[in-house]
Structure formats: C-alpha cells, structure tokens
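Q: Okay, here's the structure, questions in a sec.
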There are 2 protein chains.
Amino acid sequence: MSIATRSRPTDEPLLPRPGDRLESVSTPRPVIDEDRLAGNIARVQRYMDAQGLSFRPHIKTHKIPALAHEQIAAGARGINCQKITEAEIFADAGIEDILITFNIWGAEKLARLLSLHRRIAGLKATADSAETVAGLSGVFAGESRPLPVLVECDTGGGRCGVQSPEDAVALAARIHAADGLAFGGLMTYPRTGGAAEVEAFFAATLAGLSARGLDCPAISNGGTPSLFDAHLVTSATEHRAGTYIYNDRSTVRAGHCGEEDCAMHVLATVVSRPTATRAVIDAGTKALTSDLLGFADHGLVLGYPNARIVGLSEEHGVIDLGAGDGAGPAIGERLRIVPNHTCVVSNLFDHMIFHRDGIVTRVEPVAARGLVW
Amino acid sequence: MSIATRSRPTDEPLLPRPGDRLESVSTPRPVIDEDRLAGNIARVQRYMDAQGLSFRPHIKTHKIPALAHEQIAAGARGINCQKITEAEIFADAGIEDILITFNIWGAEKLARLLSLHRRIAGLKATADSAETVAGLSGVFAGESRPLPVLVECDTGGGRCGVQSPEDAVALAARIHAADGLAFGGLMTYPRTGGAAEVEAFFAATLAGLSARGLDCPAISNGGTPSLFDAHLVTSATEHRAGTYIYNDRSTVRAGHCGEEDCAMHVLATVVSRPTATRAVIDAGTKALTSDLLGFADHGLVLGYPNARIVGLSEEHGVIDLGAGDGAGPAIGERLRIVPNHTCVVSNLFDHMIFHRDGIVTRVEPVAARGLVW
C-alpha cells in the first residue's frame, strides 16, 4: 500500500483567509475570538502568578502549537499533554518542558517516548503502578539522563492513581530505584471541590517521602474544574488546566468566567423552521459533540435566551424556541452557540479559525488532532 | 497565508500495513472485521430485495468511497449523503446516484451543489420550506437538466420536514413550478416504530399529489432504527440506512443483529488498575464519543460481561468491573469494545483499519471526515 492511497482530502479549500469577514465562514464551524483568548490566557496566568504556582496548560483543549507558545509567553512553565503524539507535535514546535499525564504502555509507545526524551530536555511522565514503572524502566534503563516520573495519586477523582499516601511513597521509592528513571514528584487530577482531600493526601505522602529520605521535586495539581481552588492546595507547586483558554458553558457554570469570556463559538445556520417553536440548525454531534457535562441540553444559543438545543443527531440540532424570543430565528439566520465543552469540539476539526471583531485573523491547523495516541 | 501553513500532520506514520497482526495496532483505534462487514451489506440488501425496495445506504457511517462501491455492487441503488462535501468525495470516486437529505442553504453551498449537479447525472436534494426551494431555484434557474428535489416530511421524527400532507403537496407544487427544479418525490426520517404514521402521511400526500396531477417519482423512507420495519411502509419505493454496515450496540439492542454482526470494535488497552473493581483504559470520548443513545454506559466490553464503562473523560475510560469476571483485565491487556454508536466513532479517525481473522487487510482513508459541510 502506498502512502498515496492513504491520504485523504482536507478542509483546506473551504477555509477563509485573513481579512475575510466571519459571515463568509461556512457553517458549522467553531471560531475563536482573539481578544477573549488573550484575556483568558492573561487572567489565569495572573491568578497562578499571584499564588506563586507554576502553571502548566493542558494542550488537549486546543492542540495548536501557536497557542501553546502564547501560553508560555504569558508565563506558563511548560505544557501538559495526554498523548505521546501530542507531545511530539509540540516538541517539533520548539517546546521542551512537557509533562505527559498518562500511563504509557506498550513497546511502540515506550520507544517513541525514549526517542522524544533524547530530543528534548524537559520531558516528564507519570505512573500509578509497578507495571507502568517496569515498562518505563525497561526502555530507559542505561539512559545517561533519567526520565522524571511523577506518581499519579487518586485523591478522590476516581480515575487513575495510587489509592493511598503509603502506596504513593512506595511507588516513588520504586521509581527512584529504577534504572533510567528519577522520581519526579506527585500528580493528581482531583474531583471538583476536592481541595481538602488533595491537601491531606499530599501532606501525608510528603511526610512519608521525607521519612524515606526522598525529595519531591514537584507537586502537580490539576483540572479546570479546580482552577480557582488551586490556592487551597498549598503543597502544590504547579497547576494544570486546559479548558480555560477557550472557556465554555461548563466553565461559566462553574463561575470561572462570564459568558463574555467564552472565546469559542460554534457558528451554525438555521436550515429549517418546521413549526412555530422548532428551529433546526446544521450543527449536530459532529460539530457540538454529545458531551453534556451535566447539562440537559447541547449548548447556549446566543441572542435567544429561551432557546434550548433539545436534540442532536449527527448533522442536525433541534432547537425548542419556547416562548419569549419573539418569532425566533428565520431560515438562513446564522447563530452563535457556546458549546457545553470546548475540548471535544476542537478535536472534530482539522483547522481552527480565529477572528477579531468579526474579521478573520488566522487559520491554524489543529495539529495534534486525530493522531490517535 | 500559504497552504503550507495550513497543513497538519496525519496519522499515516502510525498505521499498520496489510498483513500486520491486529495486536500490532496501537490503541485506541476502531477496526473493522471484513467478514462481518460483507455479511451486514449482504443481509440488509437481501431484505430490501425481498421487499422490492430500492436501497440507498447512508455513507455518513463510514465516509469511505470503497465501502460505498461495495454497497452498490451488492445491489444498492445509490447513496445518501448529508453534506455537499461528502457528496463531492463520493462523486469523485465515480458514484453518480446521490441523494443529499439536507436543506442546502447559502450562496457558497448552492454554487457547489450546482457544480456537482453539472458533473453527475443522479444528484437529488431535499427541501422542507419555500425558502429552501427559492434558494435552490435561484441558483438552478435556467439549467437544461432540472435538479430533482424531494419534499422532506416530518412524519413524527420531530426534526426537519413539512408538518402535514397538505403542506407536502403545496411544497411539491412549488418545486414543480420552480425554474431549474423538478419534483423528485417524498422523503422522511421517521421516529422509531412510526411505520403506521409514515404510511398514513404518505398515503394522504399521494392522494393530494394525484388530485393536483403531480407524479411522485420516489418515496424515500429511512433510518437504521426503522430498517426492518421498512416493509410496513408499503408506499415507499426506497429505504435509506447507514449504521447497519458496521452495526453497534444500539442496533444489537434494536434486535437488528447479534453481537457477532458488530463489525466495528474499538481496540483499547488497560493502562491502570487502581482498585480491585476499577480498570482504566486508554479510550475516552476522543475514541468512543459520549453518545449514549439511551444507554447508561459507554460501550460493551467483550469478554467481560460484568464490566461497565461507567465514565469517560477525553483520553480515559473508567470501567467498573463489578463482580463475576474474576480478577478482571490486567494492566496492558487489550480489550475490544462495541461502541454505542459507530457513526460518530468513524468521524473521529482519519483512517480506518480493516482485518480478517486478526490480520490487517487494508487501511482506508475516512475520506469525507472533517470536511465540515
């Protein structure tokens, strides 16, 4: 099979050019407001600076190297990735301080991790089991420069992570003793509102590490849901967050920002008005995704406060107009929708369109989308 | 801006080659079983043939021209697309009979529709409003060969469509009278179990059309949920369905097939076993999507009947192992998951991997993915 038979068309012929008006952008499409983007980057960095916390943005939200550079220029320490392929793309773009917060497993992925480590100075990984540590050490053994590995701690989030401070200490000691690895610190993705649990888990772990004579170079707390609780975890040295750069309906609900800070809008067009109270738009799950994040409907329709996107199929969104917005939007009217969750919307599109005051400023490839692992 | 700055990496370096074992495919990844695929294509075509119905597969599920050719070779009349860009890709691949079941709106899209119509003999569109018909006629006026336009009817599905047989007849007459357009028939996407409603709506509409002296060239019923009810709509001349080609947890639940007919499995790897009852896999919403389709969890884990994927974040799936499957999968174990909904999984990946008995047979670009409209 040749590479040629594998290539696929792209959306490039459909993209606008800088200077084009947003009205010329075909729907459905997410677009990013440059001023809101810059405001979000600056505001969260200021908060982290004020707390004396290093900030490590998670690039899963945007997957665009240019935006990571903007985050770093504003003061971020480095970046957080979830996949090796993501990390490779950002390393290619010149970023050296990368934490991959995922248990890396399998010969092919471990080989790529080693290769990336040899290319950049600041690669760090995480582990929550002896098996993952053994996999890492099996590949990194003998490296002149060890790979820092942080212990992932389950402080109540209920996903990955060691279950107790005792287990955290034991795994730290195992990493410390492993050929080619260095104990890099502690990492957690906490449950929302779990600052006290995080603090207690870290305090007990630090005491245990100290008793074992192990230094803890970093304590990495995380999550946009816990973003403005970061100062409550006084033991943490850094915080990771992704969604804040675009913001979305979920971060507005969390009180992290106002609707006027939502940099991403999904542009959609009304394609049908079957009844007086129903409008159908050209954005469905393949533009908005089916992520609810606790909401009962599928995004916020700007300009129509009574409208609710009650149903999505793949290419259609069904809006119940309710009462109180007058006749509602006409066929052909373009709507702006604040999605429930930006990160999954980004992941659907090969390119992202940016604008200022309705004029397209740039088009960025969503470079790390669709690379699988 | 040059095209170069717009291009993005692809997953091509990560793809297996024909002859590779499935075990070498990096996770997370959907893969397609060739024999099940062929069985699904044949079985549904046989059913449609037995009912004397034309069959028009919806390509949204796979977005792969080679598969559309397999569907047509089995006896399908043509294809159903939801977007112009999808239709263009399949026309480029030599398919001429294409029905786009979407209200096309906007100058740029209408211009592309006209251009596509001039290229292929069998393009057909749909409309559910005078506004959409006016838009189409505004661009197609004067064409020597009119564009057939079907009237979309809301027979209970609650999405797009005229609301009554009287409105259907009136819109048919409007299309018939419009310069550059021809009345192409009736189309519906019914609610599940709505065959009697569909039949009543179509019967009344046909009577009205007959009273106006209007021929009805086609009656297009649709949907995988209504797939094996197609014979209950005796007025229909064709049926459209997409999901049947891969099948998924939803079509098993509907009784359309058995689990052994699910051609798509999402391959995932266990990356963490934090507790005795919890396993975490490397497939989250960016591999399985958050489509629930009425299920309470996120896919069927083969080999572990008590396992439930209770939570997804973007790159993690949290499995509650419950009791009864022994110790459950170990870290590093590869799992196969039948997703709730195949169509949205396809849409996340740039390439699809096919296999027979665990040996990779081919890798197809998901050619019409991410083209936006």
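Q: For the range B:113-132, which residues satisfy the criterion of being hydroxyl-bearing (S, T, Y), over 23 Å from the mean Cα position of the chain (by Cα) and either more than 10 Å from chain A (Cβ to nearest Cβ) or surrounded by fewer than 19 Cβ atoms within 10 Å (Cβ to Cβ) (or both)?
A: Of everything in the range B:113-132, just one residue is hydroxyl-bearing (S, T, Y), over 23 Å from the mean Cα position of the chain (by Cα) and either more than 10 Å from chain A (Cβ to nearest Cβ) or surrounded by fewer than 19 Cβ atoms within 10 Å (Cβ to Cβ) (or both), namely B:S115.
Q: Here's a follow-up. Out of curiosity, is B:G370 at pLDDT below 95 and more than 8 Å from chain A (Cβ to nearest Cβ)?
A: When the stated conditions are applied, B:G370 does not pass them.
Q: If I filter the range A:102-116 for residues that are closer than 30 Å to B:E23 by Cβ and of a type in the set (F, W, Y), do I get at least one hit?
A: yes
Q: Scan the range A:133-143 for residues that are touching a Leu at 6+ places or on another chain (Cβ under 7 Å) and away from chain B (no Cβ under 12 Å) and report the count.
A: 4
Q: For the range A:11-44, which positions are surrounded by fewer than 19 Cβ atoms within 10 Å (Cβ to Cβ), over 20 Å from A:V366 (Cβ atoms), touching a helix residue (DSSP H, G or I) at 6+ places or on another chain (Cβ under 9 Å) and not small (G, A, S)?
A: Of everything in the range A:11-44, just one residue is surrounded by fewer than 19 Cβ atoms within 10 Å (Cβ to Cβ), over 20 Å from A:V366 (Cβ atoms), touching a helix residue (DSSP H, G or I) at 6+ places or on another chain (Cβ under 9 Å) and not small (G, A, S), namely A:R43.
Q: I need a count of the residues in the range A:290-346 that are within 11 Å of chain B (Cβ to nearest Cβ) and at positive phi.
A: So the answer is 2.
Q: Here is a follow-up. Go through (1) in contact with a strand residue (DSSP E or B) (Cβ under 8 Å, 6 or more places away or on another chain); (2) within 11 Å of chain A (Cβ to nearest Cβ); (3) not hydrophobic (A, V, I, L, M, F, W, C) one by one and return the number of the condition B:K286 breaks.
A: In the conditions (1) in contact with a strand residue (DSSP E or B) (Cβ under 8 Å, 6 or more places away or on another chain); (2) within 11 Å of chain A (Cβ to nearest Cβ); (3) not hydrophobic (A, V, I, L, M, F, W, C), B:K286 misses (1) alone.
Q: Name the single residue that is surrounded by the most Cβ atoms within 10 Å (Cβ to Cβ) among those in the range A:228-263 being within 29 Å of A:D282 (Cβ to Cβ) and acidic (D, E).
A: Residue satisfying both the conditions and the ranking: A:D248.
Q: Take the residues in the range A:177-205 that are surrounded by fewer than 23 Cβ atoms within 10 Å (Cβ to Cβ) and in a helix (DSSP H, G or I), then tell me which one is farthest from the chain's Cα centre (by Cα).
A: So the residue we want is A:A177.
Q: Output the residues belonging to the range A:354-367 that are at the interface with chain B (Cβ under 7 Å from one of its Cβ atoms) and either assigned to a helix (DSSP H, G or I) or among the hydrophobic types (A, V, I, L, M, F, W, C) (or both).
A: Across the range A:354-367, the qualifying residues are A:V363, A:V366, A:A367.
Q: Does B:D35 count as farther than 16 Å from B:N247 by Cβ and acidic (D, E)?
A: no
Q: Out of the residues in the range B:144-156 meeting the condition of being farther than 14 Å from B:T101 by Cα and in contact with a Lys or Arg (Cβ under 9 Å, 6 or more places away or on another chain), tell me which one is farthest from the other protein chains (Cβ to nearest Cβ).
A: Once the filter is applied, the top-ranked residue is B:R145.
Q: Then there's this: Exactly one of (1) under 23 Å from the mean Cα position of the chain (by Cα); (2) at pLDDT 95 or above is unmet by A:L293. Its number?
A: Of the numbered conditions (1) under 23 Å from the mean Cα position of the chain (by Cα); (2) at pLDDT 95 or above, the odd one out for A:L293 is (2).
Q: Step by step: first the residues of the range B:264-281, then only those that are small (G, A, S) and surrounded by 24 or more Cβ atoms within 10 Å (Cβ to Cβ), then the one that is nearest to the other protein chains (Cβ to nearest Cβ). Which residue is that?
A: Ranking the candidates gives B:S272 first.
Q: Can you confirm whether the range B:30-51 contains a residue that is closer than 21 Å to B:F349 by Cβ, of a type in the set (V, I, T) and at the interface with chain A (Cβ under 10 Å from one of its Cβ atoms)?
A: No, every residue in the range B:30-51 fails to be closer than 21 Å to B:F349 by Cβ, of a type in the set (V, I, T) and at the interface with chain A (Cβ under 10 Å from one of its Cβ atoms).
Q: Shifting gears a bit: Any chance the range B:240-263 includes a residue that's at pLDDT 95 or above, part of a strand (DSSP E or B) and outside the structural domain of B:V338 (by TED's automatic domain parsing)?
A: Yes.
Q: Here's a follow-up. Condition first: in contact with a strand residue (DSSP E or B) (Cβ under 9 Å, 6 or more places away or on another chain) and surrounded by fewer than 19 Cβ atoms within 10 Å (Cβ to Cβ). Now tell me which residues in the range A:309-324 satisfy that.
A: A:V310, A:G311, A:D320, A:G322
Q: Could you go through the range B:133-142 and let me know if any residue there is touching an Asp or Glu at 6+ places or on another chain (Cβ under 9 Å), closer than 23 Å to A:D320 by Cα and crowded, with 22+ Cβ neighbours inside 10 Å.
A: no
Q: Further, regarding this structure: Name the single residue that is surrounded by the fewest Cβ atoms within 10 Å (Cβ to Cβ) among those in the range A:325-337 being modelled with pLDDT under 95 and not hydrophobic (A, V, I, L, M, F, W, C).
A: A:G326
Q: Just to be sure, is A:A76 out of contact with any Phe, Trp or Tyr (no Cβ under 8 Å at 6 or more places or on another chain) and away from every other protein chain (no Cβ under 11 Å)?
A: no
Q: Is it the case that the range A:88-96 has a residue that's of a type outside the set (D, E), under 24 Å from A:V363 (Cβ atoms), more than 10 Å from chain B (Cβ to nearest Cβ) and surrounded by fewer than 18 Cβ atoms within 10 Å (Cβ to Cβ)?
A: Yes, the range A:88-96 contains at least one residue that is of a type outside the set (D, E), under 24 Å from A:V363 (Cβ atoms), more than 10 Å from chain B (Cβ to nearest Cβ) and surrounded by fewer than 18 Cβ atoms within 10 Å (Cβ to Cβ).
Q: Now for a separate question. Within the range B:167-188, work out how many residues are touching an Asp or Glu at 6+ places or on another chain (Cβ under 8 Å) and either touching a residue at least 40 places away in the same chain (Cβ under 8 Å) or not assigned by TED's automatic domain parsing to the domain that holds B:H117 (or both).
A: Qualifying residue count, the range B:167-188: 3.
Q: Right, next: Let me confirm something: among A:T361, A:T289, A:T277, which residue is touching a residue at least 40 places away in the same chain (Cβ under 8 Å) and under 22 Å from A:P13 (Cβ atoms)?
A: Exactly one residue qualifies, and that residue is A:T361.
The rows are residues; the columns are (1) surrounded by 22 or more Cβ atoms within 10 Å (Cβ to Cβ); (2) out of contact with any strand residue (DSSP E or B) (no Cβ under 9 Å at 6 or more places or on another chain); (3) more than 30 Å from A:G284 (Cα to Cα); (4) in contact (Cβ under 8 Å) with a residue 12 or more places away in the chain.
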site: A:I59; (1), (2), (3), (4): yes, no, no, yes
site: A:H62; (1), (2), (3), (4): yes, no, no, yes
site: A:H69; (1), (2), (3), (4): no, yes, yes, yes
site: A:A76; (1), (2), (3), (4): yes, no, yes, yes
site: A:A111; (1), (2), (3), (4): no, yes, yes, yes
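Q: Considering only residues that are surrounded by fewer than 18 Cβ atoms within 10 Å (Cβ to Cβ), touching a residue at least 12 places away in the same chain (Cβ under 8 Å) and of a type outside the set (D, E, K, R), which ones fall in the range A:212-227?
A: A:L214, A:P217
Q: Closer than 30 Å to A:S54 by Cα and small (G, A, S): is that true of A:G284 in this structure?
A: So A:G284 does not fit the description; no.
Q: Going through A:A182, A:A168, A:A141 one at a time, which residue ends up being of a type in the set (A, V, I, L, M) and in contact with a Cys (Cβ under 6 Å, 6 or more places away or on another chain)?
A: Exactly one of A:A182, A:A168, A:A141 is of a type in the set (A, V, I, L, M) and in contact with a Cys (Cβ under 6 Å, 6 or more places away or on another chain), namely A:A168.
The values are calculated or read from the model by the stated rules, or taken from the named source; none is laboratory data. Note that the coordinates shown come from a computational prediction; the quantities given were computed from them, not determined experimentally. Cβ coordinates were reconstructed from backbone atoms using ideal geometry, including for glycine residues, and neighbour counts include every protein chain displayed.
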